[in-house]
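Reviewing the structure listed below.
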Amino acid sequence: MNATPPVSVIMPVLNEERHLRNSVRHILEQEYDGEMEVVIALGPSTDRTDEIAAELVREDPRVHTVPNPTGRTPAALNAAIKASRHPIVVRVDGHGMLSPNYIATAVRLLEETGAQNVGGIMHAEGENDWEHAVAAAMTSKIGVGNAAFHTGGQAGPAETVYLGVFRREALEQQDGYNIEFIRAQDWELNFRIREAGGLIWFSPELRVQYRPRPSVRALAKQYKDYGRWRHVVARYHQGSINLRYLAPPTAVCAIAAGVVVGAVLTPLGFLIPAGYVAAIAAGSVPAGRGLPLKARLQIPVALATMHMSWGYGFLTSPRALAKKVIASRRPAVTAAKV
């Protein structure tokens, strides 16, 4: 690999007027000497996202757009991959902010490790009390377990990474993202890359600022979808589940059982939900260090929303989704243009 190979940055975008311009600015201002292009796949937004994207295209010849009429993230990613042309493909979301040397570091790590995909830390940062609370929950072990791309850790092989910087040949070998995975498409693609003998590499050197969902309702929907689609991955790829993913649905079942027992048989049943509340309240104390009081008080709400929504989504995930996914597999990306 050349020291500074050209890179293609791909962005699936839908209703991102709040962060899109800043996200693209963090890409265009990268400390990287190689050639770069940015391909934004535009879903059917209902805000000013398309207008902002058009402005970015006019302002910088490195920025291009492609349509994504479905609005689905994996379809957007595949469309952007097809429209891009360089041997290194960098995925960035419309609300993600790359650190200044992100691309240069990722290209170096691809060369040093021989990995097919490298990624780092999803560094959640809020802009108000609620978002600060969610960010604290998303970067704590009580919130997300031992997921290195949330909480940090040592560099090394990983099951999956946040976003990802890929060798194009790895994406083409796997025919891109499975378009039926509305969520968990990263985990599913990385599983296939690993099954084909490829290496996925995590490094804390790579850091992307992430803006959390702005409300309880939006966070609940996000995590319900995560749980639902992670169960689809488990059904589609046998042996891909582990105990960390079973913790939220187990908690949902235990709390529901405790409430029923407490209401019907004995008040002792309420010890289970009470114990859960006490646990997340205690876990919120170290997670909230340095935050304003209003943010600290909302961390238990964020944690409970994440746990219960993920668990509910996992438990209620329809089996038919896995069958639909299996039936949908077909080539999704073409060969590189250069």
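The values are calculated or read from the model by the stated rules, or taken from the named source; none is laboratory data. All values derive from a computational prediction rather than experimental measurement. A quick note on method: Cβ atoms are made from the backbone with ideal geometry, for glycine too, and the neighbour counts reach across all protein chains shown. Note: areas computed on protein heavy atoms with side chains; ligands, DNA, RNA excluded. Shrake-Rupley method; radii C 1.70, N 1.55, O 1.52, S 1.80 Å.
Looking at Gly227, Gly197, Gly258, Gly164, can you tell me which residue is among the small types (Gly, Ala, Ser) and assigned to a loop (DSSP other than H, G, I, E, B)?
None of the other options fit; the residue is Gly197.
Selection over region 126-154 of residues that are open to solvent by 20 Å² or more (accessible area, probe 1.4 Å) and at pLDDT 90 or above gives a count of 4. Is it true that Leu265 is farther than 30 Å from Thr105 by Cα and at pLDDT 90 or above? Against the criterion (farther than 30 Å from Thr105 by Cα and at pLDDT 90 or above), Leu265 qualifies.
Go through the residues of region 78-92 one by one and say whether even a single one is assigned to a strand (DSSP E or B), in contact with a Ser or Thr (Cβ under 7 Å, 6 or more places away or on another chain), small (Gly, Ala, Ser) and within 20 Å of Gln185 (Cβ to Cβ). Within region 78-92, not a single residue is assigned to a strand (DSSP E or B), in contact with a Ser or Thr (Cβ under 7 Å, 6 or more places away or on another chain), small (Gly, Ala, Ser) and within 20 Å of Gln185 (Cβ to Cβ). Apart from one condition, Val107 fits all of (1) more than 18 Å from the chain's Cα centre (by Cα); (2) at pLDDT below 85; the exception is (2). Applying the criterion of being surrounded by 13 or more Cβ atoms within 10 Å (Cβ to Cβ) and in contact with an Asp or Glu (Cβ under 8 Å, 6 or more places away or on another chain) to the residues of region 293-318, the residue that is farthest from Arg244 (Cα to Cα) is Ala295. For region 155-195, the candidate set comprises residues that are open to solvent by 10 Å² or more (accessible area, probe 1.4 Å) and polar (S, T, N, Q); within that set, the residue that is farthest from Gln238 (Cα to Cα) is Gln173.
Restricting attention to region 196-229 and to residues that are hydroxyl-bearing (Ser, Thr, Tyr) and touching a strand residue (DSSP E or B) at 6+ places or on another chain (Cβ under 9 Å), the residue that is surrounded by the fewest Cβ atoms within 10 Å (Cβ to Cβ) turns out to be Tyr210. Within region 230-245, if we keep just the residues that are part of a helix (DSSP H, G or I) and free of Cβ contacts under 8 Å to residues at least 12 places away in the same chain, the residue that is surrounded by the most Cβ atoms within 10 Å (Cβ to Cβ) turns out to be Ala234. In this structure, Asp60 does not qualify as modelled with pLDDT under 95, open to solvent by less than 30 Å² (accessible area, probe 1.4 Å) and out of contact with any Gly (no Cβ under 7 Å at 6 or more places or on another chain). Residue count for region 67-104, restricted to those that are of a type in the set (S, T, N, Q), closer than 18 Å to Ile40 by Cβ and either open to solvent by 20 Å² or more (accessible area, probe 1.4 Å) or modelled with pLDDT under 95 (or both): 2. Against the condition more than 19 Å from Ala184 (Cβ to Cβ) and touching a Leu at 6+ places or on another chain (Cβ under 6 Å), how does Val24 come out, does it pass? In short, yes.
Would you confirm whether any residue within region 67-79 is within 22 Å of Gln174 (Cα to Cα) and β-branched (Val, Ile, Thr)? Yes, that holds for at least one residue. Selection over region 174-194 of residues that are at positive phi and not in a loop (DSSP other than H, G, I, E, B) gives a count of 0.
Take the conditions (1) buried (at least 21 other Cβ atoms within 10 Å of the Cβ); (2) out of contact with any Leu (no Cβ under 8 Å at 6 or more places or on another chain); Gly119 misses just one of them, which is (2).
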